[in-house]
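Student: This is the structure I want to talk about, given as C-alpha cells.
Every number here is computed from the coordinates shown, using simple stated rules; none is lab data. Because the structure is a prediction, the values reported are computed rather than measured. Heads up, the Cβs are rebuilt from the backbone with ideal geometry, glycines too, and the neighbour counts pull from every protein chain shown.
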Amino acid sequence: MGGFFGAALKGDCMVDVFFGVDYHSHLGTRRGGLAAYDDETGLQREIHNIENSPFRTKFENIFDEMKGRSAIGCISDTDPQPLLIRSSLGTYAICTVGRINNAEALIDNYLSCSGGHFDAMTGGKINSTELTAALINQKSDFTEGIKFAQEQIDGSASILILKDDGSIIAARDKMGRIPVLIGKSEEGCCVSFESFAYKKLGYEDEMELGPGEIVEITADGVKQLAAPGKEMRICSFLWTYYGYPTSNYEGVNVEAMRYRNGEIMARHDMKVKNAENLDYVGGVPDSGTPHAIGYANESGVPFARPFIKYTPTWPRSFMPTNQKERDKVAKMKQIPVHELIEGKNLLFVDDSIVRGTQLRETVEFLYDNGASAVHMRSACPPIMYGCKYLNFSSSESEMELISRRVIIELEGEEGLNYLEEYSDTNTERGQALRKAIAEKFNFASLEFQSLEGLVEAVGIEQCKLCTYCWNGKE
C-alpha cells in the first residue's frame, strides 16, 4: 500500500511534514522518504529503509539535515521514493501511491520512442515512481503530463509533485481508489491521504479531491488544475482493514463503519442461529476489534480480549517482510488471558481472511490455551481475486488465496467458474466453502460478511466502491 503527506507554509514546514508522514506509518513497511524545497538550498531529499525500524526513528535527525517552506513525504510499501527528477518540465520531487500492472510494456514503449534510459534496480526492475515521472515528462506541462500518465497506467496512480518554486501539485488517481484531502491553516495548506494526520497538526478540512482531480497547493491556497471525473471506485478495504480508525473517507468514518459492519454480521448470525451460547466476542487485533465491538453490541454477548498483542518491540508498522518470520513474530506477539479462554465458547471477528496462515496459528494458540470452541467471522466477503490497483492482497498467484485453494480442492478448475456462488452463503457451494475452510482451520463455525452487508455498512453506493477482490468487477 503506501501513503503520503505534503505541506506548503509561510514558514518552515519540516515539523508538520515529519509528523504528517509519520501518521501514515500503518500503510507501509518498506521505505520512508522526505523531499523539501528551500529558497536558498533548493530541493533536498532523504530516503530510509523502515523494514526493521519505524519512520520516526530513521528521520529523527531530519531537522538538522533538511529545511524548507514546502515539503512532501511518503511511506512506501514498494519502491524507494520520493525521487528527484530533472526534465524539460524542470527539477522536481515526486512520490506516488498505486500500482502499475503494465510497467514492462510502458518501459519498452518509452525506450523505443525516446532513446532514453532508466536507473535500473537489482534484477533490472524499474522504480514505478520513476516510470510515472517519465510518462509525465512526455507532455509540455504537469497537468497534461499527469493526465497522460494516468491514462497510460493500467492500475492506479495518485501523485504528489514538489516543484522547484516550492509549490505542490496533488493528483488523485483517475478512479479515486484512495483519498487525497487538503487541509488549511493560518500558516498554509497541506495534502494528505489520512485526514486525521493534518487535523492533529492544527489544519481544518478544506476539500477532498475528486477522482482524477489535480490541484496546485501553495501557502496562499489551492488552485484547481483539472476538474474531477464523474466515476469513482474508492477501495472498500479502506474501511474494513487498512484505513486508520480516526480517518474519514468520502465523509464516512472508519471506526463507525466497522461498528455497523459488526452489527450487520451479528444480525445475520442471530437470524440463522449460526453461533449460540457464546461466552465472549473478541476481535483479532487490531483491525478486527471494532468489527467485534459492533457484533457484541448488537448480539448482547460480552466483548472481551482473550489474548493481547505484545507490540512494544514488534508493532505492526515494521513487521519483517519474510512470510516465515512474519508468522513467527505474529505467534510471539500473542499473550493469552487464561481466565477468558479456558473452557470458553469464543467468537472472533477478523478484518479479512486472505491466506489464512496466521489465523490458523491464532486458533491453534486459543485451543492450546483451553478454549472449548472458536468460531470465526470475516468482516468482508471471501477474497477471490488479488488486488490489481493498490497492492492489497497482492500475491505471486491467486492460488495463494485460501478461498481459491479450497475451491480447487472441492471442485478442481471447474469450480473457478462458480466464484459468485462460492461467495454467497445462501448457496450449496457457498456453504461447502465455509465448511471446508472451517474444517481446515478447526473453526467451530465460519461466516463471511456479505457484499451487500459491507456496502450497507459503508453507506456509499456500490457503484462508487471498488469491490474487485471480492467479485472481480472493475
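Student: On a full-extension model of 0.36 nm per residue, what is the gain between Glu420 and Glu461, subtracting their alpha-carbon distance, rounded to one decimal in nm? The partial results should precede the final answer.
Tutor: Values: separation 41, 0.36 × 41 = 14.76 nm, distance 2.01 nm.
Working it through step by step, the gained length comes to 12.8 nm.
Student: Tell me which of Tyr249, Ile407, Ile383 sits at the most positive position along the dipole axis of the chain, charges placed on C-beta atoms (Lys, Arg +1; Asp, Glu -1).
Tutor: Of the listed residues, the answer is Ile407.
Student: Tell me the angle of helix 142-152 to the major Cα principal axis of the chain, expressed in degrees between 0 and 90 and rounded to the nearest ten.
Tutor: 40 degrees
Student: What's the magnitude of the charge dipole for the chain around its Cα centre, counting Lys and Arg as +1 and Asp and Glu as -1 at the beta-carbon? Answer in Debye, nearest 20. If you can, show how the numbers build up before the last one.
Tutor: Working: 49 positive and 69 negative charges, 115 e Å.
Result for the chain is approximately 560 debye, rounded to the nearest 20.
Student: As I understand it, the dipole of the chain uses +1 on the Cβ of Lys and Arg and -1 on the Cβ of Asp and Glu, about the Cα centre. Which of Ala438, Ala133, Ser114 lies farthest toward its positive end?
Tutor: Comparing the listed Cα positions along the dipole, Ala438 ranks first.
Student: Moving to a separate point now. How many nm separate the modelled label positions at Asn109 and Thr91, each set 7 Å beyond the Cα in the direction of the Cβ?
Tutor: 3.1 nm
Student: Here is a further query. Could you work out the mean projected area of the convex hull around the alpha carbons of the range 354-451, in square nanometres to one decimal? Present the calculation step by step, with values, prior to reporting the outcome.
Tutor: Details: hull surface 26.2 nm².
Answer in nm², one decimal: 6.6.
Student: Here is a follow-up. Using only helices, what value at 222 nm comes out for the chain when you add -39,500 (n - 2.57) per DSSP H run of length 4 or more and divide by the total residues, to the nearest 500 deg cm²/dmol? Intermediate results must be reported in sequence, preceding the final value.
Tutor: Values: 16 runs with 148 residues, N = 474.
Calculated from helices alone, the mean residue ellipticity at 222 nm is -9000 deg cm²/dmol.
Student: Sort Leu27, Leu390 by Cβ crowding within 10 Å, fewest neighbours at the top.
Tutor: On the way: Leu27 23, Leu390 27.
In increasing order of surrounding Cβ atoms, one gets Leu27, Leu390.
Student: In vacuum, with every alpha carbon of the range 2-231 counted as one equal point scatterer, what does the Debye formula give for log10 I(q)/I(0) at q = 0.08, 0.10, 0.13, 0.16 Å⁻¹? Two decimals, please.
Tutor: The computed values of log10 I(q)/I(0) come out as -0.25, -0.40, -0.69, -1.07.
Student: Treat the count of other C-beta atoms within 10 Å as a stand-in for reagent exposure and order Thr240, Thr96 from fewest to most. Walk me through the numbers on the way to the answer.
Tutor: Details: Thr240 25, Thr96 32.
Sorted ascending by nearby Cβ count, the order is Thr240, Thr96.
Student: May I pose another question? Can you give the Rg/Rh ratio of the range 343-407, where Rg is from the C-alpha atoms and Rh is the Kirkwood radius?
Tutor: Values: Rg = 13.7 Å, Rh = 13.1 Å.
Reported Rg/Rh, Kirkwood definition of Rh: 1.05.
Student: Can you sort Leu433, Leu416 by how many other beta carbons sit within 10 Å, fewest first?
Tutor: On the way: Leu433 27, Leu416 14.
Lowest to highest Cβ neighbour count: Leu416, Leu433.
Student: On full extension of the chain, what length is gained from Lys271 through Met207, given 0.36 nm per residue of separation minus the C-alpha to C-alpha distance?
Tutor: 18.9 nm
Student: Expressed in nm to one decimal, what extension gain is obtained for the pair Phe19 and Asn52 from 0.36 nm per residue of sequence separation less their Cα-Cα distance?
Tutor: Working: separation 33, 0.36 × 33 = 11.88 nm, distance 1.93 nm.
Stretched out fully, the Phe19 to Asn52 stretch lengthens by 10.0 nm.
Student: Hey, another quick one. Out of all DSSP beta bridges with both ends in the chain, state the antiparallel percent to the nearest 5.
Tutor: Expressed as a percentage, antiparallel bridges in the chain total about 80.
Student: What percent of all Cα-Cα pairs in the range 252-471 falls in each 10 Å bin, counting up from 0?
Tutor: Spelled out per bin, shortest first, that is 8, 33, 39, 19, 1.
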